[in-house]
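Q: Could you have a look at this structure, given as structure tokens, before my questions?
Readers should treat all values here as calculations from the given coordinates under stated rules, not as data from a laboratory. All values reported here derive from a predicted model rather than from experimental measurement. Positions of Cβ are generated from backbone atoms using ideal geometry, with glycine treated the same way; all protein chains shown enter the neighbour counts.
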Amino acid sequence: MEKAVRSTMTEFWKEHSKEATVEEMMLDSHARELTKEELPEILSLLPSLAGQRVLELGAGIGRYTSHLLTKADHVTAVDFMESFVEKNRQENSHHSNAAFIQADVTKLDFPKYSFDIIFSNWLLMYLSDEELMSLVKKMLSWLTPGGFLFFRESCNHQSGDCKRDFNPTHYRTQAHYSHLMTSAQWEEPEGGEKFGFDIVMTKKVETYIKMKNNQNQICWLLEKVSRSSTTQGGFTTFQQFLDNQQYTRRGILRYEKMFGAGYVSTGGPSTTKEFVDLLNLKPGQKVLDIGCGIGGGDFYMSKTFGVDVLGLDLSENMVDIAMERAIAEKLPLVHFEVADATKRSFPEGSFDVIYSRDTILHIDDKLALFKRFHSWLKPGGQLLISDYCCGEKPWTPQFQAYVKQRGYILYTPSQYGKFIEQAGFSHVLAEDRTAQFIQVIKTELERAEGIKHEFIEEFSEEDYLAIVNGWSEKLKRCHTGDQRWGLFHATRE
């Protein structure tokens, strides 16, 4: 079957590569206009290329090769079609740091640790799941530890204005790609260390949204990491733990039913308004929301103050819902990414505000994260965080078990504030807001009682009791002094 598909695909591309033009390669009559905006957007998402060895898979006629060559130490450009490889060689062989290979990627082989970055644009959709998994394992071996894979694909969408009928079954959902990529593992020979991919970032290509109203062009940045031990709950990655345990789609929607439309954090719209008002936001400012959930706070900030907001969340389920809402709300100033804030990078001084609600409790090295925040803020920029905290140890056995089960890393409000100071922030305000937390939970329990029948009809009695009992347990933990809630506000001078 795969041989027949590959043969049909080969004939198709022979027909569409005779002139080796960008229009043929992209299967789009508007390829040049698209490239002007898309190319810098894609390049801006790559990690630093300085001194790096890059493997470019599906290089085509060199639309990206010429730009990669100006920054990387060396680029190996691979493509299936001989005419495309020849055109790329003609355009870029004057660079001394280039190599050009005509090959089927499923038959490629390189020594382990040959590359620091692998770049692929519109290639993986031509491979079956079996071929893709085999290639992913190879790429894990080719990359140095800590190396990166960047790829972009059409997800469940026929890209351009030329149908690719020869291989329709390989258009995957965004979630399917993410699952395949993070499930693959490679082990060094003779029982050595195991490696896999963690997602650094997943986002839609903005150029295609703006120019073609196409929401289905998605790009990923993955990092090769050790898989020496399993993550929380036995899942391969922490993201899988979140999306399959705490933040299933059903779990998110039942939280929203209790907290209010668009919200999955304490106090919903009321605490959001109170805390955002502390920032004195101005139209045109840029806000980064770490742990954006399903976007309620981002929509509020954009609608009320006219700010640009980028929301990051590690949960793909959260971001899927947030993007559905953003499309429905028609808010062009609000964008979302599936991203790991501990690995995502931005140029220094990118944002006026960094905002985060009850998210950083999941992150181990808070000081390192706060240093990243400090770098990303403009001088005079503000940091505003609410987060779960804890009382002084020793904790009760029940609280210890709760923290372990959730995978939280908690500190007292004062310790938390000191991390922010150590990261370089000034005017640090660290407040213990546990009394407010208790009052908000009591209010939410009262509201839950009022919508009990409606909630059970929409979800189930089991879902209702899970949330109500969970909130009741929070109250107990707060009253014992184990669980605290902190609010933190600081400035980069």
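Q: Taking the structure as given and computing P(r) over Cα pairs in 10 Å bins from 0, in percent, which label from (i) 4, 20, 31, 28, 13, 3, 0; (ii) 4, 18, 27, 24, 16, 8, 2, 0; (iii) 4, 17, 23, 18, 14, 11, 8, 4, 1, 0 fits?
A: Step by step, P(r) over Cα pairs in 10 Å bins from 0, in percent for this structure corresponds to label (ii).
Q: Same structure, new question: Need the list of lysines near K418 for cross-linking: C-alpha distance under 29 angstrom, and skip anything on the same chain fewer than eight residues off.
A: Once the sequence-local lysines are set aside, what remains near K418 is K273, K282, K286, K343, K366, K371, K378, K393, K404, K474, K476.
Q: When we measure straight from the Cα of K194, which lysines land under 18 angstrom away, once same-chain ones fewer than 8 places off are left out?
A: Filter leaves K112, K137, K138, K224.
Q: I would also like to ask the following. Go through 74-80, 143-149 and give me the packing order, highest mean Cβ count within 10 Å leading.
A: Per-residue mean Cβ counts within 10 Å order the peptides as 74-80, 143-149.
Q: When only C-alpha pairs under 8 Å and at least 6 residues apart count, what is the relative contact order of region 182-322, in percent?
A: 16 percent
Q: From the phi of every residue in region 400-408, what ³J(HN,Hα) in whole Hz does the Karplus formula 6.51 cos²θ - 1.76 cosθ + 1.60 yield, where θ is phi - 60° and glycine or proline is x?
A: Each residue of region 400-408 in turn: 4, 5, 4, 4, 5, 5, 7, x, 7 Hz.
Q: Compute the signed sum of charges (Lys and Arg +1, Asp and Glu -1) over the other residues within less than 15 Å, Cβ to Cβ, of V200.
A: Within the 15 Å Cβ shell, the charges total -1.
Q: May I pose another question? If you average the alpha carbon positions of region 74-91 and of region 297-343, how far apart do those two centres end up, in angstrom?
A: 38 Å
Q: Order of L132, L383 from fewest to most other C-beta atoms within 10 Å?
A: L132, L383
Q: Here is a follow-up. Whole-Hz ³J(HN,Hα) for each residue in region 208-221, computed from phi via Karplus 6.51 cos²θ - 1.76 cosθ + 1.60 with θ = phi - 60°, x for glycine and proline: what do you get?
A: 6, 5, 6, 8, 10, 6, 9, 8, 9, 8, 10, 10, 10, 10
Q: Can you find, among L312, A368, G481, the residue farthest towards the positive end of the dipole of region 238-491? Put +1 on the C-beta of Lys and Arg, -1 on that of Asp and Glu.
A: Final value for the positive-end residue is A368.
Q: If the cut-off is 22 Å between C-alpha atoms, which lysines fall inside it for K36, apart from same-chain ones fewer than 8 positions away?
A: By straight Cα distance, K36 reaches K71, K87, K203, K204, K210, K212.
Q: Could you work out the helix-only [θ] at 222 nm for the chain, with each DSSP H run of four or more residues adding -39,500 (n - 2.57) and the total divided by the number of residues, to the nearest 500 deg cm²/dmol?
A: Calculated from helices alone, the mean residue ellipticity at 222 nm is -12500 deg cm²/dmol.
Q: What number, in percent, do you get for the relative contact order of region 238-491 if the mean sequence gap of Cα pairs under 8 Å and at least 6 apart is divided by its residue count?
A: Across region 238-491, relative contact order equals 19 percent.
Q: Under 5 Å between amide H atoms, partner at least 5 residues away or on a different chain: which partners does M201 have, H built in plane at 1.01 Å?
A: The list, which skips near neighbours in sequence, is L221, D340.
Q: Could I ask something else about it? How big is the charge dipole of region 376-493 about its Cα centre, in debye rounded to the nearest 20, if each Lys and Arg gets +1 on its Cβ and each Asp and Glu gets -1 on its Cβ?
A: 640 debye
Q: GluC sites (Glu not before Pro) within region 294-362: which are DSSP loop residues with at most 11 other Cβ atoms inside 10 Å?
A: Here the GluC sites (Glu not before Pro) that fit, given the DSSP loop and packing criteria, are E348.
Q: Which of the three applies to region 238-491, rounded, prolate or oblate, going by the alpha-carbon gyration tensor with a ≥ b ≥ c and a/c under 1.5 meaning rounded?
A: Verdict is oblate for region 238-491.
Q: Follow-up. Output wanted: per-residue J couplings in Hz (rounded whole) for region 466-472, from phi through Karplus 6.51 cos²θ - 1.76 cosθ + 1.60, θ = phi - 60°, x for Gly and Pro.
A: Once rounded to whole Hz, the list reads 4, 6, 4, 5, x, 5, 4.
Q: Express the relative contact order of the chain as a whole percentage, based on alpha carbon pairs under 8 Å and six or more residues apart in sequence.
A: Contact order relative to length: 10 percent.
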